[in-house]
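Take a look at the structure set out below.
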Amino acid sequence: MHELSICQSMMNQINAIAQEHHASGVSKVTLHVGPLSGVEPQLLLQAFPLASAGTIASDATLVIESLPIRVRCRSCKKESEVTINLLTCRHCGDYQTQLISGDEMLLANLELSTNDGISDRKRHEF
């Protein structure tokens with residue numbers, strides 16, 4: 001299950017961000033995951049408690065938000081939101097499209113606890 005190694009890599013970033021902001025804890029981690037990213041959100045949810053055990057994010061909640069698949073048509077140059085099995089242009093119907101989103105996984109937000117309460121929300125891509 002490569003989702004565990006993804007969560008472990010994510011924990012390295014979370015720890016670095018938390019240190020940078022002098023956080024005492026992480027209460028919430030929000031990921032944006034595209035359907036073409038190659039990861040299974042349910043497996044990430046299962047792997048996260050294992051990867052975060054004993055870390056600053058051990059009590060954090062993992063929230064995964066799905067991203068749409070978007071393409072740009074090479075013929076009409078317009079952008080469309082499409083489905084995973086039909087990457088054709090919604091405007092002209094051409095099949096010659098370029099993927100512009102839907103294959104990414106973003107560490108979108110962290111809720112960090114500091115001595116002052118809830119602190120920064122930081123956006124990072126990995």
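Every number here is computed from the coordinates shown, using simple stated rules; none is lab data. All of these numbers come straight from a predicted model, not from anything done at the bench. Note that each Cβ is placed from the backbone with ideal geometry, even for glycine, and that neighbours are counted across all protein chains shown.
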(request) Would you order R74, R90 from fewest to most other beta-carbon atoms within 10 Å of each residue's own beta-carbon? (result) R74, R90
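Over the chain, what relative contact order in percent results from Cα pairs under 8 Å that are six or more residues apart?
Worked out over the chain, it gives 31 percent.
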(request) Obtain the nm distance between the two label points defined at N12 and D103 by a simple spin-label model: each point lies 7 Å from its Cα along the Cα-to-C-beta direction. (result) 2.3 nm
(message) Can you sort V26, V82, V63 from fewest to most other Cβ atoms within 10 Å of each residue's own Cβ?
(response) V63, V82, V26
(request) Could you list which residues have their amide H under 5 Å from that of G102, counting only those 5 or more apart in sequence or on another chain, with H placed in the peptide plane? (result) R70
(request) Measure nothing fancy, just the Cα-based angle from helix 41-52's long axis to the longest principal axis of the chain, in degrees from 0 to 90, nearest 10. (result) 20 degrees
(request) Mind sorting K28, K77 by how few other Cβ atoms lie within 10 Å of their own Cβ, fewest first? (result) K77, K28
(message) As I understand it, the value is the acute angle between the Cα axis of helix 2-20 and the longest principal axis of the Cα atoms of the chain; what does it come to in degrees, rounded to 10?
(response) 60 degrees
(request) Convert each backbone phi in the stretch 83-88 into a coupling constant with the Karplus relation 6.51 cos²θ - 1.76 cosθ + 1.60 (shift: θ = phi - 60°), then list the ³J(HN,Hα) values in order as whole Hz, x for Gly and Pro. (result) 9, 4, 10, 8, 9, 8
(request) Would you calculate, for the chain, the mean residue ellipticity at 222 nm contributed by helices, counting each DSSP H stretch of 4 or more residues as -39,500 (n - 2.57) and dividing by all residues, to the nearest 500? (result) -8000 deg cm²/dmol
(message) Defining a contact as two alpha carbons under 8 Å apart and six or more residues distant in sequence, what relative contact order in percent does the stretch 12-76 show?
(response) 45 percent
(request) Considering the options G54, S66, T114, tell which one lies farthest towards the positive end of the dipole of the chain, charges being +1 on Lys and Arg and -1 on Asp and Glu at the Cβ, about the Cα centre. (result) S66
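Let a ≥ b ≥ c be the square roots of the eigenvalues of the Cα gyration tensor of the chain; is it rounded (a/c under 1.5), or, if not, prolate (a/b larger than b/c) or oblate?
prolate
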